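The values are calculated or read from the model by the stated rules, or taken from the named source; none is laboratory data. Please read these numbers as outputs of a predicted model, since none were measured by experiment. Because the Cβ atoms are built from the backbone with ideal geometry, glycine has one as well, and the counts that use them run over all protein chains shown. These accessible areas exclude ligands, DNA and RNA; they are computed on the full protein's heavy atoms, side chains included. Shrake-Rupley method; radii C 1.70, N 1.55, O 1.52, S 1.80 Å.
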Protein chains: 2
Amino acid sequence: MSDFPELNCPLPIGQYERVLMAHGGGGQLMQQLLDRLVQPAFDNPYLAARHDSAVFESGGQRFAFTTDSYVVKPLFFPGGDIGKLAVCGTLNDLAMAGARPLFLSSALIIEEGFPVDALRRVLESMAATARAAGVCIVTGDTKVVERGRGDGLYINTAGIGRLDAGTPVIRPAAARPGDVILVNGDIGRHGIAIMAQREGLALETTLESDCADLSGLVGRLLDAGVDLHVLRDLTRGGLASALIEIAEAAGVGLSLEEDAIPVREAVQGVCEILGFDPLYVANEGRMALILPDDQAEAALAVLRGHPLGEGAALIGRLTESPAGQVRIRTPFGTERILLRLSGEQLPRIC
Amino acid sequence: MSDFPELNCPLPIGQYERVLMAHGGGGQLMQQLLDRLVQPAFDNPYLAARHDSAVFESGGQRFAFTTDSYVVKPLFFPGGDIGKLAVCGTLNDLAMAGARPLFLSSALIIEEGFPVDALRRVLESMAATARAAGVCIVTGDTKVVERGRGDGLYINTAGIGRLDAGTPVIRPAAARPGDVILVNGDIGRHGIAIMAQREGLALETTLESDCADLSGLVGRLLDAGVDLHVLRDLTRGGLASALIEIAEAAGVGLSLEEDAIPVREAVQGVCEILGFDPLYVANEGRMALILPDDQAEAALAVLRGHPLGEGAALIGRLTESPAGQVRIRTPFGTERILLRLSGEQLPRIC
């Protein structure tokens, strides 16, 4: 960034005068857009916390508030659809702050000519996913844009959750040297399932997206009194990008064991053929958990006792230094540093 | 609706198999989409209340929660831009429930190639509008879609507000026969300003949108202890559609005096030339207030003492019957019934 003398100057974002696909990809360019344009404009400590949800207090209660828009392509994919994704994604963002979801909103931007039947299927999918999580979609909005001005259907969901009294604040900056890193299962399935569907890849096995609501699983961890420092869902940019953000936010080093990170054979195979790194592929039902070493056993027991955590694994540890860096040790004993990509390997996966 | 034997069957919406522009227009077709598709899918009392915000209670406090997506075209127009509109619109939806706004979210869907400078202007406009209202934009999301798959920029904002302890619930169903109807100023300017800009109409006077945050003005009414039964901002579908919704929700009759409804000469002129009815033209800083007759004087005093209420007027009264109907008396003493339009006269005005 040395070519930008004024770091607070919101323009240009990098050398770009126009927004690129990569500015929405969860990597370095998106970070620059947020750092140089959004954060300076909206300047406030809630946003600066760079959490999946903003946490605020009112009358002695703590609430979490979050939003996401969904532009996934295609709208229906193996293991889910844009409606399920829109509900799970926002429930997960609430859960990542340790909040119990209360209410969701739903705002639709529909392209003129979109089939009513497909809309009904998406709405029913949203409703079923919300119902299973025990939350209501209580407010909404519908806009229609002209044919050719949208892309079928975009959905925004916002969510409100409540934190249990006494729950410590779970956030990226709470990571501590000595903590361990867990994931709740194999990574990379969502991105690869979307890509296979989009490109019409004939895979030997049908890969389904991992798209799932993690709030119930996080609720069990809270109920069990597991001391959680950080939770992060592994969406755009995948496991690697999420961990790099945490390393930077907490000023700690993260050290991963490549061997320990669960990746299905089919995902690994597609990645090898196409030159993707599963560490950077998006997930929609996977999270990283960072917690004290002495909590690992209890956490793994809760995770493995739940359908969404059966494949949970301990994949690494936190160190004092090098601060802000994520390193990974290969099965051959060599080590490499994980760097932010400029954008997402696969656009429009959420 | 007699051609649909099963009212609860979500399909078809009317006779349509595909979504039309009018399904997002705030009129009859949008109502059908909500009644037959959204409401049956999401089925819950919060949504069924058909309010601008959902109101819920937690730990003895009452909160309002709302969302809207903004797809206005053009993005910059006389008197505002999509950013100001997105913040004002959601602040207004909170205010219409009698809530004091606390926090907003902001989710952007940007088309690849959108100028960074225009994005900066929109973000700064959002920030300035939020700052003036004393609220923070605390959480957000950024998505980028391919060139040709979006339309420059769509913005979603969601908002959370808190209701004062003891404030009665302000909602459409609270309207009572004998109540009076006020508006806070002249109607139709937003829609006409957008249309003039879009069509390149050369008007003798520059018409500016009425786009404004009404939450401060509503706050003053609450502070003054004015007993408010219903508040409704006059967006898509304008004054007429908002009042028809209230008449139906409360099962009361509304009787308007055409003479008493403030419309600027320039708006009236454009409407006459183009065949629009100003009663159906969208506003973004105008609201209808329904309150007991004995509160009218106090309310008008508060309204007229605020820049956004200088042109406030008493425009009609509520009657027992005919329930669910809005009638308007012309200067010639004749009366006509206001009916829902199928959609909006001008699409993409918010």
So A:Asp186, is it in contact with a His (Cβ under 7 Å, 6 or more places away or on another chain), within 25 Å of A:Thr319 (Cα to Cα), in contact (Cβ under 8 Å) with a residue 12 or more places away in the chain and outside the structural domain of A:Thr66 (by TED's automatic domain parsing): no
Subset of the stretch A:145-158 that is under 21 Å from B:Leu34 (Cβ atoms) and touching a residue at least 40 places away in the same chain (Cβ under 8 Å) - its residue that is surrounded by the fewest Cβ atoms within 10 Å (Cβ to Cβ): A:Gly152
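If the requirement is being under 18 Å from A:Met287 (Cβ atoms), aliphatic (A, V, I, L, M), touching a residue at least 12 places away in the same chain (Cβ under 8 Å) and open to solvent by 10 Å² or more (accessible area, probe 1.4 Å), which of these qualifies: A:Val226, A:Val230? Give the steps one after another, and end with the answer.
On the way: A:Val230 fails: open to solvent by 10 Å² or more (accessible area, probe 1.4 Å).
The match here is A:Val226.
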Matching residues, the stretch B:118-137, being more than 22 Å from B:Leu214 (Cβ to Cβ), more than 7 Å from chain A (Cβ to nearest Cβ) and open to solvent by 30 Å² or more (accessible area, probe 1.4 Å): B:Arg121
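Output the strands (runs of 3 or more DSSP E) that fall wholly within the stretch B:237-350 and possess 1 or more residues being hydroxyl-bearing (Ser, Thr, Tyr), or say none. Quick ask: steps written out before the conclusion?
Working: elements: B:253-257, B:287-291, B:313-319, B:326-329, B:335-338.
Per the criteria, B:253-257, B:313-319.
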Output for the stretch B:53-82, where each listed residue is within 7 Å of another protein chain (Cβ to nearest Cβ), under 30 Å from B:Gly200 (Cα atoms) and hydroxyl-bearing (Ser, Thr, Tyr): B:Ser69
Hits in the stretch A:77-108 (condition: of a type outside the set (Asp, Glu) and open to solvent by 10 Å² or more (accessible area, probe 1.4 Å)): A:Phe77, A:Pro78, A:Gly79, A:Gly80, A:Lys84, A:Arg100, A:Pro101, A:Leu102, A:Phe103
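Any idea which residue in the stretch B:172-220 is surrounded by the fewest Cβ atoms within 10 Å (Cβ to Cβ), counting only those that are among the acidic types (Asp, Glu) and outside any helix (DSSP H, G or I)? Spell out the reasoning first.
First, pick out the residues of the stretch B:172-220 that are among the acidic types (Asp, Glu): B:179, B:186, B:199, B:204, B:208, B:210, B:213.
Then keep just the ones that are outside any helix (DSSP H, G or I); that gives B:179, B:186, B:204, B:208, B:210, B:213.
Details: B:Asp179: 25, B:Asp186: 20, B:Glu204: 8, B:Glu208: 13, B:Asp210: 27, B:Asp213: 25.
Among residues in the stretch B:172-220 that are among the acidic types (Asp, Glu) and outside any helix (DSSP H, G or I), the one surrounded by the fewest Cβ atoms within 10 Å (Cβ to Cβ) is B:Glu204.
Pick out the one residue from B:Ala242, B:Ala282, B:Ala250, B:Ala298 that is of a type outside the set (Asp, Glu), more than 29 Å from B:Ala196 (Cα to Cα) and open to solvent by less than 30 Å² (accessible area, probe 1.4 Å). Walk me through how you get there before you give the answer.
Details: B:Ala242 fails: more than 29 Å from B:Ala196 (Cα to Cα); B:Ala282 fails: more than 29 Å from B:Ala196 (Cα to Cα); B:Ala298 fails: open to solvent by less than 30 Å² (accessible area, probe 1.4 Å).
Testing whether each residue is of a type outside the set (Asp, Glu), more than 29 Å from B:Ala196 (Cα to Cα) and open to solvent by less than 30 Å² (accessible area, probe 1.4 Å) leaves just B:Ala250.
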Hits in the stretch A:22-42 - residues which are more than 30 Å from A:Thr167 (Cβ to Cβ) and open to solvent by 30 Å² or more (accessible area, probe 1.4 Å): A:Gln28, A:Pro40
Selection from the stretch B:128-149 of residues that are closer than 20 Å to A:Phe56 by Cα and assigned to a helix (DSSP H, G or I): B:Ala130, B:Arg131, B:Ala133
Hits in the stretch A:56-69 (condition: in contact with a helix residue (DSSP H, G or I) (Cβ under 9 Å, 6 or more places away or on another chain) and surrounded by fewer than 24 Cβ atoms within 10 Å (Cβ to Cβ)): A:Phe56
Tally, over the stretch B:43-55, of residues that are open to solvent by less than 10 Å² (accessible area, probe 1.4 Å) and of a type in the set (Ser, Thr, Tyr): 1
Some residue of the stretch B:158-167 being over 18 Å from the mean Cα position of the chain (by Cα) and not in a loop (DSSP other than H, G, I, E, B): yes
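In this structure, does A:Gly178 turn out to be touching a Pro at 6+ places or on another chain (Cβ under 8 Å) and more than 9 Å from every other protein chain (Cβ to nearest Cβ)? Walk me through it before giving the result.
Numbers: touching a Pro at 6+ places or on another chain (Cβ under 8 Å): yes; more than 9 Å from every other protein chain (Cβ to nearest Cβ): yes.
When the stated conditions are applied, A:Gly178 passes them.
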Those residues of the stretch B:142-156 which are touching a Lys or Arg at 6+ places or on another chain (Cβ under 8 Å) and β-branched (Val, Ile, Thr), in sequence order: B:Val145
Top-ranked residue in the stretch B:157-175 [being among the β-branched types (Val, Ile, Thr) and out of contact with any Asp or Glu (no Cβ under 8 Å at 6 or more places or on another chain); ranked as nearest to the other protein chains (Cβ to nearest Cβ)]: B:Ile160
Close pairs from the stretch A:18-36: first within 7 Å of chain B (Cβ to nearest Cβ) and touching a residue at least 24 places away in the same chain (Cβ under 8 Å), partner open to solvent by less than 10 Å² (accessible area, probe 1.4 Å) and in a helix (DSSP H, G or I), Cβ under 6 Å, at least 6 apart: A:His23/A:Leu33; A:Met30/A:His23
Long-range neighbours under 9 Å by Cβ, at least six apart or interchain, first residue at positive phi within the stretch B:122-144, second open to solvent by 10 Å² or more (accessible area, probe 1.4 Å) and assigned to a helix (DSSP H, G or I): B:Gly134/B:Ser215; B:Gly134/B:Gly216
Failed criterion for B:Phe114 (all others in (1) facing chain A (nearest Cβ under 9 Å); (2) within 30 Å of A:Arg62 (Cβ to Cβ); (3) hydrophobic (A, V, I, L, M, F, W, C); (4) open to solvent by 10 Å² or more (accessible area, probe 1.4 Å) hold): (2)
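Would you check which residues across the stretch B:301-335 are hydrophobic (A, V, I, L, M, F, W, C) and exposed (fewer than 13 other Cβ atoms within 10 Å of the Cβ) and list them?
Of the stretch B:301-335, the ones hydrophobic (A, V, I, L, M, F, W, C) are B:301-303, B:308, B:312-315, B:318, B:323, B:326, B:328, B:332.
Hit for the stretch B:301-335 is B:Phe332, nothing else.
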